[in-house]
Amino acid sequence: MDTQEIIRSQVTANPVVLYMKGSPKFPQCGFSGLAIQILQACGVQDLVAIDVLADPAIREGIKQYANWPTIPQLYIKGEFVGGADIMRDLYQQGELQKMLQDAAA
C-alpha cells in the first residue's frame, strides 16, 4: 500500500483519528497537546492517535491527503475536521461535541 492508501485506511477504519506530534500522554507540540485536551474534554474514548514524528512518509502524506499544511489533523468518520484552532472553535460552539457523539453512535 502506498502512503495515501494507508492514510485512507486509517481514517475510514476508525471513528476518530488524530494525526499529531507525539502521543496523547506525551504530545510533542503545543497544538497537539491542545487537540488532545479538547478531545478529552469531549469525553472521547475511542481515539486512534497517530504520531507523525514516527513516520516521515505519514507526516508528509497527511498534509497532501487533506490538502492541509499543518499537524495536528482531526478526522471523524473519515471526514477531515481541521487542526487545533478549528477544533477549539468548534468545541467552543458546541459543534465538536455533537460531531463526536454522532461518531460514537
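In segment 53-96, which residue that is within 13 Å of the chain's Cα centre (by Cα) and of a type in the set (G, A, S) is nearest to I36 (Cα to Cα)? Looking at the filtered set, the residue picked out is A84.
Being among the hydrophobic types (A, V, I, L, M, F, W, C), assigned to a helix (DSSP H, G or I) and surrounded by 20 or more Cβ atoms within 10 Å (Cβ to Cβ) is a description that applies to I58. In the set (1) free of Cβ contacts under 8 Å to residues at least 60 places away in the same chain; (2) surrounded by fewer than 19 Cβ atoms within 10 Å (Cβ to Cβ); (3) assigned to a helix (DSSP H, G or I), the condition left unmet by T12 is number (1).
Please tell me if Q4 is closer than 19 Å to A57 by Cα, in contact (Cβ under 8 Å) with a residue 60 or more places away in the chain, out of contact with any Ser or Thr (no Cβ under 6 Å at 6 or more places or on another chain) and surrounded by fewer than 22 Cβ atoms within 10 Å (Cβ to Cβ). Full working, then the answer.
Values: closer than 19 Å to A57 by Cα: yes; in contact (Cβ under 8 Å) with a residue 60 or more places away in the chain: yes; out of contact with any Ser or Thr (no Cβ under 6 Å at 6 or more places or on another chain): yes; surrounded by fewer than 22 Cβ atoms within 10 Å (Cβ to Cβ): yes.
Answer is yes for this residue.
Screening the candidates V44, V16, V52, V81 for the property of being of a type in the set (V, I, T) and over 22 Å from G94 (Cα atoms) yields one hit, V52. Tell me which residues, restricted to segment 67-90, are without any contact (Cβ under 8 Å) to a residue 60 or more places away in the chain and either touching a Pro at 6+ places or on another chain (Cβ under 9 Å) or crowded, with 19+ Cβ neighbours inside 10 Å (or both). Of everything in segment 67-90, those that are without any contact (Cβ under 8 Å) to a residue 60 or more places away in the chain and either touching a Pro at 6+ places or on another chain (Cβ under 9 Å) or crowded, with 19+ Cβ neighbours inside 10 Å (or both) turn out to be I71, P72, Q73, L74, V81, G82, G83, A84, M87, L90.
Could you say which residue among I6, I50, I36 is more than 20 Å from A105 (Cα to Cα), among the hydrophobic types (A, V, I, L, M, F, W, C), touching a Phe, Trp or Tyr at 6+ places or on another chain (Cβ under 7 Å) and modelled with pLDDT of 95 or more?
Values: I6 fails: touching a Phe, Trp or Tyr at 6+ places or on another chain (Cβ under 7 Å); I36 fails: touching a Phe, Trp or Tyr at 6+ places or on another chain (Cβ under 7 Å).
Of I6, I50, I36, the one residue that is more than 20 Å from A105 (Cα to Cα), among the hydrophobic types (A, V, I, L, M, F, W, C), touching a Phe, Trp or Tyr at 6+ places or on another chain (Cβ under 7 Å) and modelled with pLDDT of 95 or more is I50.
The values are calculated or read from the model by the stated rules, or taken from the named source; none is laboratory data. No experiment lies behind these values; they were computed from the predicted model shown. Backbone-built Cβ (ideal geometry, glycine too); neighbour counts: all protein chains shown.
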